[in-house]
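Handing you this structure, nothing more for now.
The values are calculated or read from the model by the stated rules, or taken from the named source; none is laboratory data. All values reported here derive from a predicted model rather than from experimental measurement. As a convention, Cβ positions derive from the backbone with ideal geometry for all residues, glycine included, and neighbour counts pool all protein chains shown.
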Amino acid sequence: MALLKVEDLVMYYRTRKGTVKAVDHVSFEIEKGETLAIVGESGCGKSSLSRAIIRLLPRNVETYEGKVFLNGTNIMELSEERFRKEVRWRKISMVFQGALNALNPVLKVGEQVAEPLVIHMGMGKKEALKEAREMIKQVGIAEAFVDRYPFELSGGMRQRIVIAMALITDPDLVILDEPTSALDVITQANVMNLLKRLKKERDLTYIFITHDIALASELADKMATMYAGQIIELADSESYFGKPLHPYTQKLLGSVPTLREDKEIAPIPGTPPNLLNPPVGCRFRPRCDQAMEICEKEPPMFSLDGHRVKCWLYRGEE
Amino acid sequence: MLLKVENLSKFFPIKKGIFGKTYYVRAVENVTFEIDKGESISLVGESGSGKTTLGKTILRLYDPTSGKIEFDGKDITHLTEKELKWYRRETGLVQQNPFGSMVPHFTIFKILEEPLIVNKIGTREERREIVYNILREVQLSPEEFAFKYPHMLSGGQLQRVAIARAIIMNPKLVIADEPVSMLDASVRVEILNLFEEIQEKHHMSIIYITHDLSTTRYFSDRIFIMYAGHLVERAPTKELLRNPAHPYTKALLEAIPDPDPSNRFKFREVPPGEPPSLVNPPKGCRFKPRCPIATDKCDEEPPEVEISPGHFVKCWYAQ
Amino acid sequence: MSVVSEELSLKGVVRELLSYKSAILGLIILAGLIILSIYAVLFTPFAKSGALWNDQQVWLKYPRTAAPAWTNIFSSKKLPENVYVNMGKPVNVSKEGTRIKRTYVSKFSYNYDDTPSEIIFFFNTSYEKLRPKVSIYWMKPDGENLSLGTYRIRKGGTSIYLSNNLRLISDLQEKIEEELGKKINKSLTLEDILFRDFKTGGILKGTYTVRLDVLVKNETDRVEWQGIVYGKVYGLAGTDDKRRPLHLGLLWGAPIALAFGLVASLSITFIQLIISAISGYYGGRVDSVIQRLTEIYMILPFLPMLVLVQLLYGMNLWRLLLLLIVLSIFGTSVKTYRVWVMQLKSYPYVEAAKAYGASNMRIIFLYILPRLIPPTIPSLVLAVPGYVFLEAALAFLGLSDVNIVTWGRIVEEAFSEGALYKGYYHWVLMPSLMLVITAISFALIGIALDRIVNPKLKEM
Amino acid sequence: MPPVVKVLVKRALILFVIVLIATYITILVANVGGYIDDLKKKEIEFQVAQAVQNNPQYKDLSPAEKTALIKKLAQVEIKRQGLDQPFIIRSFRYLWDAITLDLGRAEKMTSDSGSRSVRIIILERLPQTILLFTTATVINFFIGLFGGLSLSRKFGSFLDKLVIYLSPTSAIPGWFYGIFLIMIFYTWLHVLPPGGLVDYPPPPDPVGYVLSVLKHMILPLLSWVVSSFFIGIYSNRTFFLLYSTEDYVEVAKAKGLPPRQIERRYILRPALPPIITQFAFAVVFSWSGAIITETVFNWPGLGLAYYQAINLVDVPVIVGITVVFGYLIAATVFILEILYGLVDPRIKAGMGEAL
């Protein structure tokens, strides 16, 4: 049984200009110990998707439906109170981007790391702080920093604190939302090393959300491409990088400059669609050089030996 | 030779408390290099390495603390804002944030016309002609874009306008400070290609400031590496990528992933820690506290040595 | 928090403003006030309004402390309005001794449920030798005839305050008691005597007749007269104890209130913006001097200082305005605006402008200040009522400019004359109402603007 | 000396200098008309005259001789006090007098206990002003804070909309509402006194006295509460909503913290510094409004004393009260800075670092 199974997840929200279809019928699943990386350009809805899973909805949410099975239970059916007590951080935790803003400026970092233990595990404050100290050491930060405030820490250290906070309750699933986007390359590499190590040591399951396809390959066992609120390709990493199927994924990979091999890079023509008013049918159609007449109808997910792709080119090849 | 920078330093004073002592952030220290006409340089470093400060000091947006800047044979180190008028026409700047670099209440036309007005170039009609031509050059149709406001354009389109503004006075040197880091991967290539085209056409020199080594290979003749205010290595692009000599450059190259599914099985050998504070930097080589091969010798500032033609390194142990 | 959303143009703000119902209400009220002000300035003797207001002679023909006329609509008891007894042609001219007697008869109908407030006869006379003599007779609808005395009339304009003639009143009361055959336990007023039916105690409705016999010496002697039976209600807003019709005061107060509030708010905001721009943009010593000044200004007790200066130098409204501006230009908003300027100064476009050689002044006035105007508009609008009420507060402390009419001054006069205790509620309420609707119109617009201009508030 | 104390002493000194300058400005303003000088001279002449009249030594002098003597002695005294010196020198002496609260004698006013000393006049009135306006500000502050907090939970509800729609009512100042409150509760309903501090005659027993004062406080307090009720709740609500859009609030929610705890630790706590600032400004603002409110309600505080001094043109009292207001505001700002240091670790750290 998959650890997490998302079926037809939908999350729309209202703005003055209209309804934004941020997450539009998204389905995928993750096994225990596996990492799924979801890549997409800015505004494709990937952050909304991560928040929809842990039920952090914008105030102006319009539609929120679908099924999310965690260890076989549909957590969408839980009441707000039960969801808070049983799912949030106990089973699913999250590493947010922009670690400076993710930490409360007026609470000591140790307290913030310890907090979930007090709430979810019923620990005393002292005991929880002791655990937090241990966890903070594990992510490579000297104990002395436990009693500091976030503004006294460097960007890399704060990101480690946020990671420690996400792991303190030993959750089943950790969502990493652009965990290194504000960091320098060497610090980023250090943080990625840490995430890899923790994954190995603790058999962690990650959902890794990023716009950086090269960085995604650092962690991903499975890759997914998100475009205009939808997942359009989903495959294990070898297959995804080795033989990308969706024209968008192909172009995305073709636009990434590489350091170690000489290859031509090419831009993707056009601009990403607006989530207020996405194109009818295949949403990539206006930018696709292989578009056909049938693309005006929305393609289903085709599965080619477990490599799933939402594109009419693969009709009949299943 | 177009630009010659000698022992350039830029320190920023910071005052602590009302009557407190003044400290200095030593953002750029003792930097020397030359750039030829028509050459394109990538200046690579982490945030806080002083690369942006160096760029702005060269443009004389900051007053240098010490050292010398020569442009086209003229010493511009200590010219006043009035005396710099001609220099402003000879240089251009493209910034990182395309949304912030445009005056929001001006139309694209007005944004591009401003440099011309400020520098008293052309009559009204002539300026119009110049603006329209430059828009065409950056592949934006003047009819469609001239009278739009910045917020109506996408990041990529705005960055084209920024490039147009930088080159509208046909400068000899353009400094592009992280021009693509805020754009999506698919658009980055587009902008870098445009830069290349323009540089070839106008034969201008470009200093491309970036934190991302992987984009430099498509673009630059030479790469300069900065760390904590020092220029630690400079070499022709291929040479630097193939034979990095400074331990920091090596770490940088190691840290950057290429898309490859086998990445997930390996750990990257990068030094721990973070760059030092520039208020109180380590003596000598600034990479010493993180460097795997450092010795006591490194407490002294290493000299810059040429280890192969055009490949300069500031490290005691570089071969 | 960033200063403003990027897509904010003045046109856009106005368009959005119209999507708020509350703002539309505010704008309608404001438009009404502006129309009123324009009318007051162009079509009434606005320039002389202060002098007129202070001149008691001008208002003689208005009733004293009359309620607004429209109060009759809500009351079962119809209060009287002014009734004018006009001269007309003499019905008879005859000789009486050496004198000429002109007899005038005027009729008026009276159908109100209360007695009038006063009765005064006005005369305008010119003669050669002897003073003309006038006898006044009053005939009630039930036919009762009363003589209201004989008076010698001086040259020029004079008036006979019948209601104050205690002698006449007690004579008449005696006469009535005689007719009734019993004592009346209270002393009657002239209005009771002339308008009541003493059998029922009620008001005698119907047609009244006034007869005047005017005795003059010469044919050329001229006596013009008019009698006024003063009502208890008057006009849209009633009158005060000096008979001044309040609607005129309210009308004349409108342009002053608007001008005072708007000029104060606008000039303070703009001066503060410029100061902040200089402070934030140049930084360094200029900045620290300005910052220290704002701290000194914060300690300066604003209202006490204003009162002190106003008292010592007795200033008119426009000098008060100037003082107000001087006392506000280094106010705390300078700190807020300065933070915005510093934010904007660090925007890449300012750096880009420097890179192509734009001057500092050009950057401040063309690039930075225009960006600051939209976010300051809400507070600018919201501050207007504060200044309008500040003028009212000073007036309330007795420090108003005596040469103009302001709403605050009317409230103060009412309050100090004890209008609230004497039941002249309209006198306080009408000017208050003007102050209140003015304040609320600006507040409605300002709060809506705040939501438009602060992008984060928009969804809230 | 611990660093924090050092910083505070430094701030106190700076504030004192600011009060000094503000007072000096007041003196300059009040003296341009020459009022204080004339006044002092008059006072000297009066004192000399009294001394001469009461001195048995001079009993036998003729009135003309007496007048001459008084003139002469007064001149000597004026010289001794330096009133013949240039204004710039004198202005600093006045500054010293004002700042040390050596406020001299009132020209016309007397204190409630009959003293002519400006200092006593002020000291007798000060407690009432502090009592009324601190109470008003505290009440308003908590109404705004808790009203705002509970409304921010009910975002978009009918109550929320109602408060937004009614918030323009706060464009009308408290004293103005006061006029109508007097009209309603005194003139029409006869349930509350229209003004003053206590009943007349004051109840002899302390409990009755306090109750009577409380009764008299109701209307002035109510006027302030009515005036800032809706805007207070509205602006606090908006403020909390803004704070609740911070990333760390979302993190706290994701962590599964109960809503109350999020509110307390993640919204209220980081928002404390601006909330405290808001409170301090409200206090300062209330001092400023004291004159008019106390006049409307005939409340015997500093503001009313100021109003009376205005009507009597009693300049020493006016200057004295202005200085006291300056001190009050400076003290408020100072307390604000201490509180700031206590609640914001960033500032606390800055205070230690400053040395």
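Restricting attention to the stretch B:192-242, report how many residues are over 24 Å from B:Pro171 (Cα atoms) and hydrophobic (A, V, I, L, M, F, W, C).
9
I'd like the residue in the stretch B:61-95 that is at the interface with chain C (Cβ under 7 Å from one of its Cβ atoms) and aliphatic (A, V, I, L, M) and, out of all such residues, is nearest to the chain's Cα centre (by Cα).
Per the stated criteria, the residue is B:Leu93.
If you don't mind, another one. Do any strands (runs of 3 or more DSSP E) entirely within the stretch B:165-249 hold 1 or more residues that are within 20 Å of A:Leu183 (Cβ to Cβ) and at pLDDT below 90, and if so, which?
Values: elements: B:173-177, B:205-210, B:222-227, B:230-236.
Hits in the stretch B:165-249: none.
Return only the number of the condition from (1) touching a Leu at 6+ places or on another chain (Cβ under 9 Å); (2) part of a strand (DSSP E or B) that A:Glu7 does not satisfy.
Status for A:Glu7: all satisfied but (1).
Sticking with this structure for a sec: Can you tell which of A:Leu195, A:Leu183, A:Leu173 is without any contact (Cβ under 8 Å) to a residue 40 or more places away in the chain and touching a strand residue (DSSP E or B) at 6+ places or on another chain (Cβ under 8 Å)?
Just a single option satisfies the conditions, and that option is A:Leu195.
From the list C:Leu435, C:Leu399, pick out the single residue that is modelled with pLDDT under 85, within 12 Å of chain D (Cβ to nearest Cβ) and either in a loop (DSSP other than H, G, I, E, B) or under 30 Å from D:Arg237 (Cβ atoms) (or both). Before the answer, list the steps.
Working: C:Leu435 fails: modelled with pLDDT under 85.
Result of the check over C:Leu435, C:Leu399: C:Leu399.
Let me ask another. Which residues, counting only those in the stretch B:202-211, are in contact (Cβ under 8 Å) with a residue 60 or more places away in the chain and either touching a helix residue (DSSP H, G or I) at 6+ places or on another chain (Cβ under 8 Å) or closer than 16 Å to B:Gly55 by Cα (or both)?
Looking only at the stretch B:202-211, we keep the residues that are in contact (Cβ under 8 Å) with a residue 60 or more places away in the chain, and these are B:203-211.
If the condition is that a residue be in contact (Cβ under 8 Å) with a residue 60 or more places away in the chain and either touching a helix residue (DSSP H, G or I) at 6+ places or on another chain (Cβ under 8 Å) or closer than 16 Å to B:Gly55 by Cα (or both), then B:Met204, B:Ser205, B:Ile206, B:Ile207, B:Tyr208, B:Ile209, B:Thr210, B:His211 are the ones that fit.
For every residue, the table says whether it meets (1) closer than 19 Å to A:Thr258 by Cβ; (2) touching a helix residue (DSSP H, G or I) at 6+ places or on another chain (Cβ under 6 Å); (3) touching a residue at least 24 places away in the same chain (Cβ under 8 Å); (4) within 13 Å of chain A (Cβ to nearest Cβ).
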| position | (1), (2), (3), (4) |
| --- | --- |
| B:Ser220 | yes, yes, yes, yes |
| B:Ala228 | no, no, yes, yes |
| B:Val232 | no, yes, yes, no |
| B:Glu239 | yes, no, yes, no |
| B:Thr249 | yes, no, yes, yes |
| B:Glu254 | yes, no, no, yes |
| B:Asp258 | yes, yes, yes, yes |
| B:Cys291 | no, yes, yes, yes |
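All but one of (1) assigned to a helix (DSSP H, G or I); (2) within 14 Å of chain B (Cβ to nearest Cβ); (3) of a type in the set (Gly, Ala, Ser) hold for C:Gly357; state the number of the condition that does not hold.
All conditions pass for C:Gly357, except number (1).
Going residue by residue through the stretch A:23-43, is there one that turns out to be without any contact (Cβ under 8 Å) to a residue 60 or more places away in the chain, more than 18 Å from A:Met223 (Cβ to Cβ) and not in a loop (DSSP other than H, G, I, E, B)?
no
OK, next. Give, as residue ranges, the helices (runs of 4 or more DSSP H) completely inside the stretch D:59-155 that count at least 1 residues that are under 29 Å from D:Ala331 (Cα atoms).
By residue number, D:87-99, D:118-153.
To keep it simple, each residue is scored yes or no on (1) touching a Lys or Arg at 6+ places or on another chain (Cβ under 8 Å); (2) at the interface with chain D (Cβ under 10 Å from one of its Cβ atoms); (3) assigned to a loop (DSSP other than H, G, I, E, B).
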position: A:Leu56; (1), (2), (3): yes, yes, yes
position: A:Arg59; (1), (2), (3): no, yes, yes
position: A:Thr63; (1), (2), (3): no, no, no
position: A:Val68; (1), (2), (3): yes, no, no
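Of a type in the set (Phe, Trp, Tyr), within 7 Å of chain D (Cβ to nearest Cβ) and farther than 15 Å from D:Tyr177 by Cα: is that true of C:Phe442 in this structure?
When the stated conditions are applied, C:Phe442 passes them.
Determine whether A:Ala114 is within 10 Å of chain D (Cβ to nearest Cβ), under 25 Å from D:Ala271 (Cα atoms) and buried (at least 21 other Cβ atoms within 10 Å of the Cβ).
no
Of the residues that make up the stretch C:211-226, is at least one touching a helix residue (DSSP H, G or I) at 6+ places or on another chain (Cβ under 9 Å), in the same structural domain as C:Leu148 (by TED's automatic domain parsing) and either within 30 Å of C:Ile437 (Cα to Cα) or modelled with pLDDT of 90 or more (or both)?
No: zero hits.
Moving on to the next point. Considering (1) farther than 30 Å from C:Ala414 by Cβ; (2) away from every other protein chain (no Cβ under 11 Å), say which one D:Trp299 fails and leave the rest.
With (1) farther than 30 Å from C:Ala414 by Cβ; (2) away from every other protein chain (no Cβ under 11 Å) applied to D:Trp299, the lone miss is (1).
Yes/no matrix, rows are residues, columns are (1) away from chain A (no Cβ under 14 Å); (2) in contact with a strand residue (DSSP E or B) (Cβ under 6 Å, 6 or more places away or on another chain); (3) crowded, with 23+ Cβ neighbours inside 10 Å; (4) over 30 Å from C:Ile373 (Cα atoms):
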residue	(1), (2), (3), (4)
B:Asn97	no, no, no, no
B:Ile111	yes, no, yes, no
B:Val118	yes, no, no, no
B:Ser141	yes, no, no, yes
B:His151	no, no, no, no
B:Asn170	yes, no, no, yes
B:Ala176	yes, yes, yes, yes
B:Glu190	no, no, no, yes
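Taking only pairs six or more apart or across chains, which ones have beta-carbon atoms under 7 Å, a first residue in the stretch D:102-120 that is within 14 Å of D:Ile318 (Cα to Cα), and a second residue that is charged (D, E, K, R) and assigned to a loop (DSSP other than H, G, I, E, B)?
Within 7 Å, the pairs are D:Arg105/D:Arg116; D:Ala106/D:Arg116; D:Ala106/D:Asp314; D:Glu107/D:Asp314; D:Lys108/D:Asp314; D:Met109/D:Asp314; D:Thr110/D:Arg116.
How about the stretch A:133-182: which of its residues are in a helix (DSSP H, G or I) and either within 12 Å of chain D (Cβ to nearest Cβ) or of a type in the set (Phe, Trp, Tyr) (or both)?
The answer is A:Phe145, A:Asp147, A:Pro150, A:Phe151, A:Glu152, A:Arg158, A:Ile161, A:Val162, A:Met165, A:Ala166.
Any idea how many residues of the stretch C:99-121 are closer than 16 Å to C:Val229 by Cβ and either in a loop (DSSP other than H, G, I, E, B) or charged (D, E, K, R) (or both)?
9
Name the residue, out of A:Ile268, A:Ile209, A:Ile232, that is buried (at least 21 other Cβ atoms within 10 Å of the Cβ) and out of contact with any Leu (no Cβ under 9 Å at 6 or more places or on another chain).
A:Ile232
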